[in-house]
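What follows is a set of notes on a single structure, which appears directly below.
We did not get these values from a lab; they are worked out from the coordinates using the rules stated. Since the structure is predicted, the reported quantities are computational estimates derived from the model, not experimental observations. Virtual Cβ from ideal backbone geometry, glycine too; neighbours counted across all protein chains shown.
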Amino acid sequence: MAHIIVFGNEKGGSGKSTTCMHVATALVRMGFTVGGLDLDLRQRSFGRYVENRRVFLGREGLDLPVPDYRPLPELPPDAIPEGENAMDYRISSLVAELSGHDFIVIDCPGSHTRGAQVAHSLADTLVTPLNDSFIDFDLLARIDPETLKVQGPSIYSEMVWSARQLRARAGLKPIDWIVLRNRMGAQQMHNKRKVGAALEELSRRIGFRVAAGFSERVIFRELFPRGLTLLDLKDIGIENLNMSNIAARQELRELVKELNLPGVEVNF
């Protein structure tokens with residue numbers, strides 16, 4: 001069975017789709033087969049990213065690896081078994097189709113939906129990108145406004161806990177949960193230390209690993225319309241990478257290493 005990697009939280013603008021696309025593309029470039037689905041049925045950022053890639057490669061005559069992205073199937077009511085939830089069945093049907101791949105990546109919406117709940121219960125690896133601020137931290141836990149001490153888990157952490165309980169009852173292995181600190185700026189070091197300390201405290205209480213994600217870089221916004229990633233730049237003729245691009249590529253390398261995926265030895 002494929003190893004399922006879910007990218008999720010309940011807040012938009014954290015870099016989920018960018019992270020999802022870069023991890024998926026890194027894996028296919030390393031020779032793994034990767035299926036993909038996007039459960040953000042309104043924005044479909046990950047799906048559009050892959051579609052942009054296919055269009056660009058076709059227009060330029062380039063042969064670069066592409067994740068096997070498939071849209072969630074539209075099923076007529078009579079195709080849903082009696083007593084089954086329609087969304088559950090649509091997701092499980094597509095996951096079953098993709099189960100022969102080495103990995104399946106699932107991009108979740110930045111909101112609480114039935115589809116996101118199902119995806120989290122399927123996750124072997126859960127990646128939760130957060131902007132490095134207490135605004136995003138509030139998604140994981142409530143904190144005392146004076147002492148900044150963690151008071152207890154918040155809404156998203158409770159959903160992950162429910163997914164873990166479902167997996168335990170089904171006899172599945174525990175979720176490996178990684179929280180990524182995205183968009184960490186060079187400034188505001190005092191705030192960065194406070195967020196880092198709160199995350200470390202919370203990680204021990206509710207069981208996730210903390211890892212560095214992507215810094216804020218213009219290159220990510222420039223790559224999306226062509227469906228490209230940091231790993232594709234030399235393939236489109238950019239031989240001399242600037243320091244920002246080199247640093248971003250290193251961030252991706254360290255991220256994929258930190259995910260500790262089965263059978264993956266990072267070689268880019």
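Considering the chain as a Gaussian network with a 10 Å cut-off on Cα pairs, which listed residue, T19, T147, T33, attains the greatest mean-square fluctuation?
Between T19, T147, T33, it is T147 that shows the largest mean-square fluctuation.
Once you place label points 7 Å from the Cα toward the Cβ at S99 and E158, how far apart are they in nm?
In this crude spin-label approximation the distance works out to 3.3 nm.
Quick check on the chain: of the DSSP beta bridges with both residues there, what percent are antiparallel, nearest 5%?
Working: 3 of 29 bridges.
For the chain, the DSSP antiparallel bridge percentage is about 10.
Given the C-alpha atoms of segment 101-160, compute the convex hull and give its volume per residue in Å³.
Working: hull volume 5.9 nm³, N = 60.
Each residue corresponds to 99 Å³ of Cα convex hull volume.
Subtract the Cα-Cα distance of D138 and E216 from 0.36 nm times their separation in residues, and report this length gain in nm to one decimal. Could you put the intermediate results ahead of the total?
Details: separation 78, 0.36 × 78 = 28.08 nm, distance 2.07 nm.
Roughly 26.0 nm would be gained on extension.
If you find the alpha carbon centre of segment 69-120 and of segment 203-246, how far apart are they in angstrom?
28 Å
Estimate the FRET efficiency between A79 and Q165 by the formula 1/(1 + (r/R0)^6), using the beta-carbon distance for r and 41 Å for R0, to the nearest 0.05.
Details: r = 30 Å, r/R0 = 0.73.
Computed FRET efficiency for A79 and Q165 comes out at 0.85.
Compare I155, I178, I106 in a GNM of the chain, Cα atoms joined below 10 Å, and give the one with the largest fluctuation.
Greatest mean-square fluctuation among the candidates belongs to I155.
Roughly what would the spin-label model give for A86 and R253, points 7 Å off Cα along C-beta, in nm?
With each label placed 7 Å out from Cα toward Cβ, I get 4.8 nm.
For segment 131-231, with equal point scatterers placed on the C-alpha atoms only and solvent neglected, what are the log10 I(q)/I(0) values from the Debye formula at q = 0.12, 0.21, 0.22, 0.23 1/Å, to two decimals?
At q = 0.12, 0.21, 0.22, 0.23 Å⁻¹ the computed log10 ratios are -0.51, -1.07, -1.12, -1.17.
Pulled fully out, how much extra length does the chain show between K194 and S244, if you take 0.36 nm times their separation in residues and subtract their Cα-Cα distance?
Working: separation 50, 0.36 × 50 = 18.00 nm, distance 2.60 nm.
Here the segment from K194 to S244 would lengthen by 15.4 nm.
What Kirkwood hydrodynamic radius, in Å, does segment 60-180 give when the mean of 1/r is taken over all pairs of distinct Cα atoms and then inverted? Can you show the working numbers first?
On the way: mean 1/r = 0.0590 Å⁻¹.
For segment 60-180, the Kirkwood estimate is 16.9 Å.
Got a sec? Charge dipole of the chain, +1 on Cβ for Lys and Arg, -1 for Asp and Glu; which of N191, H101, M87 is way out at the positive end?
The residue sitting farthest along the positive end of the dipole is N191.
Which of the lysines could a cross-linker span from K173 if the Cα-Cα distance has to be under 22 Å and same-chain partners fewer than 8 positions apart are dropped?
Of all the lysines, those that pass the test against K173 - Cα under 22 Å, at least 8 places apart if same chain - are K257.
Show me the helices of the chain, taken as full DSSP H stretches, that run 15 Å or more along their long axis by Cα and average 0.0 or above in Kyte-Doolittle hydropathy. Show your work: numbers first, answer last.
Details: long enough: 16-29 (20 Å, 0.41); 45-60 (22 Å, -0.85); 86-98 (18 Å, 0.57); 155-169 (22 Å, -0.42); 189-206 (25 Å, -0.80); 243-259 (24 Å, -0.33).
Length and hydropathy pass: 16-29, 86-98.
Running a GNM on the chain with Cα contacts under 10 Å, which residue among E146, E222, E60 ends up with the highest mean-square fluctuation?
E146
Placing unit charges on C-beta atoms (Lys and Arg positive, Asp and Glu negative, everything else neutral), compute the dipole magnitude of the chain about its Cα centre in debye, rounded to 20.
Numbers: 33 positive and 34 negative charges, 128 e Å.
Using only the charged Cβ atoms, the result is roughly 620 debye.
Starting from the exponent 0.38 and prefactor 2.2 Å, build the expected Rg for segment 3-259 from its residue count and divide its actual Cα Rg by it.
Working: Rg = 18.7 Å, N = 257, 2.2 N^0.38 = 18.1 Å.
After normalising by residue count via 2.2 N^0.38 Å, the value is 1.03.
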